[in-house]
Amino acid sequence: TATPAALLALAVALRALNCFLVQTSFVPDEHWQSLEVAHRMLFVILNIHNYGYLTWEWTHRLRGYAYPLIFASIYKALQLLGKDDVLLLIWVPRLAQAVLAAFADVKLYSLVQHLENAETAKCVFFCQLCSWFTWYSCTRTLTNTMETILTIFALSYYPIKGSKMGSSCKYLALVALAIVIRPTAVIPWMPLVFSHFLQEQRKADLLLQKCIPVGLVTVGTSLIIDRVFFGEWVLVQLNFLKFNVLQNLGTFYGSHPWHWYFTQGLPVILGTHLPFFIHGCVLAPKRYRVFLMAVIWTVLVYSTLSHKEFRFIYPVLPFCMVFCGYSLKHLKAWKKSAASFLLLSNLIPALYTGLIHQRGTLDVMGHIQQLCNTSEQSRASVFIMMPCHSTPFYSHVHCPLKMRFLQCPPDLTGNQSYIDEADVFYSNPLGWLNKEFYNDTLLPSHLILFNVLEQEISSFLALRSYEKTVTVFHTHVPQGRVGSHIYIYRRTTETDY
């Protein structure tokens with residue numbers, strides 16, 4: 001069997017490679033709820049630069065500063081070392097996430113090794129490393145990624161029957177930390193904590209000596225961090241719950257049928273692991289039922305909310321991998337063929353989604369960033385005419401360039417006729433532009449748009465002397481307002497940029 005050090009070295013090397021082979025964008029939150037906030041925390045609060053942008057979730061106190069603080073600390077370290085170069089600001093947080101993901105992979109291996117044996121542990125480890133969705137997500141700076149990593153760490157200390165590594169304090173502390181970072185982490189842990197409570201002989205001790213002190217320390221720490229950055233006492237977890245569950249305002253960002261997670265969500269993130277997962281569920285011993293309960297319960301709870309996304313159920317993927325590994329180990333004569341099938345069938349989606357699908361919105365930031373290095377930076381201004389939060393912002397530019405994008409905060413006042421700026425723009429792009437930029441002095445020097453918009457505003461572009469300077473590939477599957485390519489238009493005037 002591999003030594004823990006050798007296993008960790010392998011996992012770190014693989015996840016570092018994983019990190020560099022993911023050059024696409026997944027969802028806006030990977031930048032807007034982490035790096036953008038961290039960039040602003042460091043450079044605005046320390047009065048180093050007076051730029052940065054926070055989305056409406058922060059002005060409405062829906063998110064906490066605990067997670068961005070990790071990246072702000074990385075930024076601060078880079079700045080102290082005089083290495084706050086834009087490339088390092090982009091990649092070092094991602095690499096830090098990759099190293100944490102590698103530790104989580106090894107934790108999953110050691111958990112199964114303690115519960116079963118080295119052979120089963122190897123199969124689970126293999127399934128975890130093969131998973132295309134884990135490859136796609138585990139090095140991104142998403143709260144869902146950190147929630148998943150902390151869930152694996154907590155799982156390794158969970159007192160399941162037969163585990164010698166169980167530690168109530170450690171696992172509860174990790175669960176509490178996951179809840180502070182993303183309140184939804186409470187969902188998969190409900191059946192696990194409840195099951196632990198039922199099995200525990202000394203129930204009062206568990207509650208009074210472990211649950212309550214751990215809860216008070218983590219919530220207290222979260223409150224203090226948010227007090228420092230918001231300037232007032234606020235329990236963001238409560239606001240988050242109110243917005244997403246009680247008011248169900250998440251529907252503003254789209255809604256799906258109740259069965260979506262069963263018919264699309266889980267089958268897609270599991271991919272070709274699905275038959276192995278089902279087979280593993282049938283084979284696995286009784287004590288693993290609590291893991292299956294956590295998966296089913298989480299999918300059921302999320303099914304009741306109308307706004308659904310693949311990443312929401314990402315934290316239950318490691319539970320599924322335990323069953324997949326169990327299945328693989330029991331295939332005996334077919335084991336090698338099955339492993340080859342898993343590897344090859346996951347390789348294609350992992351590389352395609354990591355290197356090709358939706359890469360334009362990140363690539364275009366490299367072109368915008370180049371404006372920082374020109375003598376015209378003070379006069380340059382960029383207007384991003386794309387669905388809001390399509391691109392990252394100052395964390396990928398790192399200079400006080402004038403930038404603007406179409407806004408789309410949801411209405412929290414109950415106004416039935418409310419339409420956000422992006423929707424107003426897309427209902428009549430040409431009319432909106434003529435009204436907004438009625439005076440030539442207001443015109444941005446650079447416009448960023450998807451190719452699907454070009455035809456509609458061509459007269460505005462021609463009349464205002466804009467010329468196309470850059471074309472960037474984005475996706476093979478354009479949908480609605482999102483085109484296959486992104487164009488950069490530059491205004492040519494007497495005082496050229």
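What the table shows:
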quantity	calculated
Scope region 282-291; condition assigned to a helix (DSSP H, G or I) and either in contact with a His (Cβ under 8 Å, 6 or more places away or on another chain) or open to solvent by less than 40 Å² (accessible area, probe 1.4 Å) (or both); matching residues	LEU283, TYR288, VAL290, PHE291
GLN23 vs. criteria modelled with pLDDT under 95 and surrounded by fewer than 21 Cβ atoms within 10 Å (Cβ to Cβ)	no
Boolean, THR475 is modelled with pLDDT of 95 or more, in contact with a strand residue (DSSP E or B) (Cβ under 9 Å, 6 or more places away or on another chain), assigned to a strand (DSSP E or B) and not aliphatic (A, V, I, L, M)	no
Search result, residues across region 59-81 that are open to solvent by 60 Å² or more (accessible area, probe 1.4 Å) and either more than 23 Å from the chain's Cα centre (by Cα) or among the aromatic types (Phe, Trp, Tyr) (or both)	LEU80, LEU81
Condition broken by PRO28, with the remaining ones in (1) out of contact with any Gly (no Cβ under 6 Å at 6 or more places or on another chain); (2) more than 23 Å from GLU309 (Cα to Cα) satisfied	(2)
Which numbered condition LEU206 fails, given (1) farther than 28 Å from VAL92 by Cα; (2) aliphatic (A, V, I, L, M); (3) open to solvent by 50 Å² or more (accessible area, probe 1.4 Å)	(3)
First in region 290-314 and closer than 16 Å to LEU270 by Cβ, second anywhere and open to solvent by less than 30 Å² (accessible area, probe 1.4 Å) and among the basic types (Lys, Arg), Cβ under 7 Å, 6 or more apart	TYR302/LYS308
Residues that are part of a helix (DSSP H, G or I), open to solvent by 10 Å² or more (accessible area, probe 1.4 Å) and not hydrophobic (A, V, I, L, M, F, W, C), drawn from region 82-108	ARG94, LYS107
Flag for ALA185 being out of contact with any Phe, Trp or Tyr (no Cβ under 8 Å at 6 or more places or on another chain) and in contact (Cβ under 8 Å) with a residue 24 or more places away in the chain	yes
Residue that is nearest to PHE26 (Cα to Cα), among those in region 447-471 that are open to solvent by 10 Å² or more (accessible area, probe 1.4 Å) and assigned to a strand (DSSP E or B)	THR471
Residue match in region 11-20 (condition: crowded, with 22+ Cβ neighbours inside 10 Å and over 20 Å from the mean Cα position of the chain (by Cα))	yes
GLN237 vs. criteria assigned by the TED database to the domain that holds MET146 and without any contact (Cβ under 8 Å) to a residue 60 or more places away in the chain	no
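Matching residues to (1) open to solvent by 10 Å² or more (accessible area, probe 1.4 Å); (2) in the same structural domain as TYR487 (by the TED database):
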site: LEU344; (1), (2): yes, no
site: ILE348; (1), (2): yes, no
site: MET365; (1), (2): no, yes
site: GLN369; (1), (2): yes, yes
site: VAL382; (1), (2): no, yes
site: CYS388; (1), (2): yes, yes
site: GLN407; (1), (2): yes, yes
site: GLY431; (1), (2): yes, yes
site: ASN434; (1), (2): yes, yes
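Quick grid of which residues meet (1) outside any helix (DSSP H, G or I); (2) not small (Gly, Ala, Ser):
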{"residue": "THR120", "(1), (2)": "no, yes"}
{"residue": "GLN128", "(1), (2)": "no, yes"}
{"residue": "THR141", "(1), (2)": "yes, yes"}
{"residue": "MET146", "(1), (2)": "no, yes"}
{"residue": "GLY162", "(1), (2)": "yes, no"}
{"residue": "ALA178", "(1), (2)": "no, no"}
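The values are calculated or read from the model by the stated rules, or taken from the named source; none is laboratory data. As the structure is a computational prediction, the values presented were derived from the model and not from experiment. Neighbour counts run over all protein chains shown; Cβ positions are idealised from the backbone, glycine included. SASA here: full protein model, heavy atoms, side chains in, ligands and nucleic acids out. Shrake-Rupley method; radii C 1.70, N 1.55, O 1.52, S 1.80 Å.
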